[in-house]
Every structure is written in structure tokens, then in C-alpha cells.
1. Give, as residue ranges, the strands (runs of 3 or more DSSP E) completely inside the stretch 212-305 that count at least 1 residues that are touching a Phe, Trp or Tyr at 6+ places or on another chain (Cβ under 8 Å) and of a type in the set (Val, Ile, Thr).
2. As an exercise: evaluate residue 278 against (1) in contact with a Pro (Cβ under 8 Å, 6 or more places away or on another chain); (2) free of Cβ contacts under 8 Å to residues at least 12 places away in the same chain; (3) among the basic types (Lys, Arg) and give the number of the one condition it does not meet.
3. Residue 85 passes all but one of (1) assigned to a strand (DSSP E or B); (2) surrounded by fewer than 16 Cβ atoms within 10 Å (Cβ to Cβ); which number fails?
4. Only one of these is within 24 Å of the chain's Cα centre (by Cα) and without any contact (Cβ under 8 Å) to a residue 24 or more places away in the chain: 166, 209, 160. Name it.
5. Scan the stretch 170-186 and give yes if some residue there is in contact with a helix residue (DSSP H, G or I) (Cβ under 8 Å, 6 or more places away or on another chain), in contact (Cβ under 8 Å) with a residue 12 or more places away in the chain and of a type in the set (Lys, Arg), otherwise no.
6. Name the one entry in 55, 101, 69, 65 that is more than 15 Å from ligand 2 (Cβ to nearest atom) and outside any loop (DSSP other than H, G, I, E, B).
7. When you check residue 171 against the structure, is it surrounded by fewer than 18 Cβ atoms within 10 Å (Cβ to Cβ) and of a type in the set (S, T, N, Q), yes or no?
8. Give me a count of the residues in the stretch 75-94 that are of a type outside the set (Phe, Trp, Tyr) and under 19 Å from residue 119 (Cα atoms).
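The values are calculated or read from the model by the stated rules, or taken from the named source; none is laboratory data. Treat the numbers as computed from the prediction; the structure is a model and nothing was measured. No Cβ is skipped: glycine too gets one built from the backbone with ideal geometry, and neighbour counts run over all protein chains shown.
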Amino acid sequence: MSTKEASKIALLGLAAAGKTSYLEALQQEFRALYDIRATVGVDRNKIRILGSDLYIYDYGGQQIYREDYLKNPDRYLSQIDLMLYFVDAQDMENLDSSIEYYKNLFNLPEIQSIDPDKIFIFIHKMDPEIKSDPRIRSRVKKIKENFDAIKKAQYFETSINDYWSIIFSFSGAFRKIRKIEDVLNKILKEFARATFSSGVILVDTNFLILDIHASNEENLKITDEGFQQFVGTWAKQAAQGNPPEKLQIELKGGRGYFQKFNYEDEEYYIMAYSRNSRTEKLILEKLPELANRVFEILMGFYFED
Ligand SMILES: Nc1nc2c(ncn2[C@@H]2O[C@H](COP(=O)(O)OP(=O)(O)OP(=O)(O)O)[C@@H](O)[C@H]2O)c(=O)[nH]1
Ligand SMILES: [Mg+2]
């Protein structure tokens, strides 16, 4: 599992397979969709997702570019961490060319060396109104058989008209290059920095610590103690039938701020420890935001493929 900061994600496939549209949809720039032109050469995009820098290389799929990549793989195709190969489910005419391109890619050491776990085929343009059509289903089957014969991959069915499919597929692929612990830790760190908190802790229903972040050893200790103190207060209030949604407690050198949130049937708590009373407003403002981001991460990581 790679834990380095940045990753190279390659979007490959024939011209008009929908790579750039997918990327734009992922970035929720729906308005930009009307103005997408064929990608010229390789378009390198830096995007920040869940606290990680990702470099997404969108490889223009017209023939002259494909030939260039295949001839100069060391220049274009080295060091890929995650490969997303796009196949247009609505274009049967070019399916053979797409299979051919995939096959040629896998003749290259640069592509062969990608961890098989990190190779995905996006069967794209599976628009909601056609995705259950029996003819489309049999195409999907055919696509999978053909591609698997070259190199077994994992598949997602996607469409820019189905935003969920975009999020679902991307988080599925993203999970292969980032561990949830790393992602949560980044988010807590960012929160601490943005709110001048000295410590942040995230716990689950059973008060198991999912993550803890503090600026130094002493603050780590206070954050941890603050959390234990919170459990005591929580238990008392819960015994009276009203466990707290929000709570503030006095801690050594400052204050602890608690916020509850729910995910599925579980309850989670986040506590921020601050030594500076002037940052209280900022923390109270940003805590629900943090709870919401953590919720999204848990959702993105835990829904079943
Ligand atoms: N119906 C449908 N059309 C799509 C979908 N995604 C992309 N398209 C259309 O497909 C066409 C090509 O999309 P692009 O994103 O430019 O394709 P590309 O793979 O980036 O093409 P190159 O840059 O030439 O390699 C555009 O007209 C898009 O609107 C989809 O999910 N469903
Ligand atoms: Mg493009």
C-alpha cells in the first residue's frame, strides 16, 4: 500500500471514450461539460481529494497520440499508481480498436509493472436509461470477456449522467491507493491546523479511538484524558436518557469541544482540544463541517462494491 503523498492516476482509452468528461464530473464541474474538446496529448490535472494530492493524467485518445505513447512509454507511461481504462459501452464499432489498444499497452513493461489490484476498466456511457437494457447487458459481458482475456481487471459501470456512479467508481479505485486511516489522519490534521486546535480525536460508538492527532506529546495526553473525561460525562447524561450531541469540557490549559454525528446506525464523536479561547468560534463553526467530511469518507470507504 502506497502511503506517499502524491499519486499518479492514468486515464486511458480511445478518443471520445469519455475520460475528460468523467474527470470533469468528478470535480463537479458540470457546467464545464458543455465545452469539452478532444484532449490534445496528455493533460495533467492536480486535484485534491480527501486531503490527498492526486495527479490525474488524462491521455488524449486519438490515434496519433496513442501511437506516440506506445512508442515512447518511458516518457509517458512510467510510474503509474492507478490505471483507469475507459471503454465506451455505446460504441461497438470501435470496441476492437479499444481491445487492441489495451493489449498494446500491456505489452509495455511500464504497464505490466502496475499492481494488478490497481487496474480498473470503466465501462463508460452506461447512462441510466440504457444500463438495464438486455442488449447493453450482453455487451458488458462481451467487453469483460475480451478484456479479461488480455489482463484481468476490476470493472465499474459509469456514466456522467449518474453522479453516484462517478463517486462510487472513483472511491472504489481510490481505496486501492489510500488507506482509510491515512485519509482520516490527514483530515484531522487539516482541521487542527485550520482551527488552531492543539488536539483532535475521533471515536466510534464503542468509544474506540479511530484516530487521534495532536501537535505534541503533552497535547496528545491532554486530548486523550479529555476524551476519557468526556466518556464519563457522556455516560452520566446517557443514564438519564439524553446522551449529549454537543458538549464542552474544561481541560488542562484549555477546552474540549465535542460534536456527535451519525453514520448508518452508529454514532461517532469528534473532540477538538483548544488552548486558545479566541478560536472557539472557529472550532464551533468548523466542527459540523469536519463531522460531515468524516461521514463522507466513511461512506466512500465502506459501501460495498
Ligand atoms: N451518453 C454519454 N455521453 C458521454 C458520457 N461521458 C462522455 N460522453 C460524451 O462523449 C464525448 C467524448 O467525451 P470526452 O470526455 O471528450 O472523451 P475523451 O475520452 O476525453 O476523448 P479524447 O480526449 O479524444 O481522448 C462527449 O461528447 C461527451 O459528452 C456518458 O457517460 N454518457
Ligand atoms: Mg479527453
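1. On the way: elements: 246-251, 254-263, 266-274.
Strands (runs of 3 or more DSSP E) meeting the threshold: 246-251, 266-274.
2. With respect to (1) in contact with a Pro (Cβ under 8 Å, 6 or more places away or on another chain); (2) free of Cβ contacts under 8 Å to residues at least 12 places away in the same chain; (3) among the basic types (Lys, Arg), residue 278 is out only on (1).
3. Here residue 85 meets the rest and fails (2).
4. 209
5. Looking through the stretch 170-186, at least one residue is in contact with a helix residue (DSSP H, G or I) (Cβ under 8 Å, 6 or more places away or on another chain), in contact (Cβ under 8 Å) with a residue 12 or more places away in the chain and of a type in the set (Lys, Arg).
6. Within the list 55, 101, 69, 65, the selection yields 55.
7. On the way: surrounded by fewer than 18 Cβ atoms within 10 Å (Cβ to Cβ): no; of a type in the set (S, T, N, Q): yes.
No: the conditions fail for residue 171.
8. 11
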